[in-house]
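The values are calculated or read from the model by the stated rules, or taken from the named source; none is laboratory data. Treat the numbers as computed from the prediction; the structure is a model and nothing was measured. In this analysis, Cβ positions are derived from the backbone assuming ideal geometry, glycine residues included, and neighbour counts consider all displayed protein chains. Accessible surface is based on the protein model in full, side chains and every heavy atom, while ligands, DNA and RNA are left aside. Shrake-Rupley method; radii C 1.70, N 1.55, O 1.52, S 1.80 Å.
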Amino acid sequence: ITGIFSIGRKFKIIDDSNNGLIEFSEFKKCIGEHALGWSDSQLKIIFDKFDTDKSGAISFDEFLKGVRTGMNDRRRQLVLNAFEVNIFLFF
């Protein structure tokens, strides 16, 4: 299982309170389970990068934006080629 489904599953696993948000305590617990050895100040910096609306919790959309990667050159070219083909079909 890959892609957005896996990301959604991970979000639900982290969300112990089942409120659809990841609070700092849940984030801290998740990171702690991976034994990264981050300090509370380092955790807060990363948490704040995810919490783009500064609500004090990470929504699924914020989580998704935080974990997704940019498109590599190959994927970008595929997208550009797809749109070029679609534009060509309409003209």
Exercise. Name all residues of the stretch 1-38 having a backbone nitrogen under 18 Å from the label point set 7 Å from the Cα of ARG74 along its Cα→Cβ direction, giving them as ranges.
Key: 2-3
Exercise. DSSP loop (so not H, G, I, E, B), at most 10 other Cβ within 10 Å: list which chymotrypsin sites (Phe, Trp or Tyr not before Pro) in the stretch 21-78 pass both filters.
Key: none
Exercise. Could you order ARG74, ARG9 by accessible surface area, starting with the largest, using a probe radius of 1.4 Å?
Key: ARG74, ARG9
Exercise. Give me the net charge of SER59's neighbourhood, meaning all other residues with Cβ under 9 Å from the Cβ of SER59; Lys, Arg count +1, Asp, Glu -1.
Key: -4
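Compute the signed sum of charges (Lys and Arg +1, Asp and Glu -1) over the other residues within less than 10 Å, Cβ to Cβ, of SER17.
Working: positive: none; negative: ASP15, ASP16, GLU23, GLU26.
Once positives and negatives cancel, what remains is -4.
Give, as a single signed number, the net charge of other residues whose beta carbon lies under 13 Å from the beta carbon of HIS34, with Lys and Arg counted +1 and Asp and Glu -1. Before the final figure, lay out each step's value.
Numbers: positive: LYS10, LYS28, LYS29; negative: GLU33.
Around HIS34, the surrounding residues sum to +2.
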Exercise. At a 1.4 Å probe radius, which order do ILE31, ILE13, ILE22 fall into by accessible area, largest first?
Key: ILE13, ILE31, ILE22
Practice problem: Provide, for q = 0.21 Å⁻¹, the log10 of I(q)/I(0) from a solvent-free Debye sum over equal Cα point scatterers in the stretch 12-68. | Solution: -0.76
Practice problem: Straight distance only, please: which aspartates and glutamates reach the Cα of LYS28 with their own Cα at less than 20 Å, same-chain residues fewer than 8 apart left out? | Solution: ASP15, ASP16, ASP40, ASP48, ASP51, ASP53, ASP61, GLU62
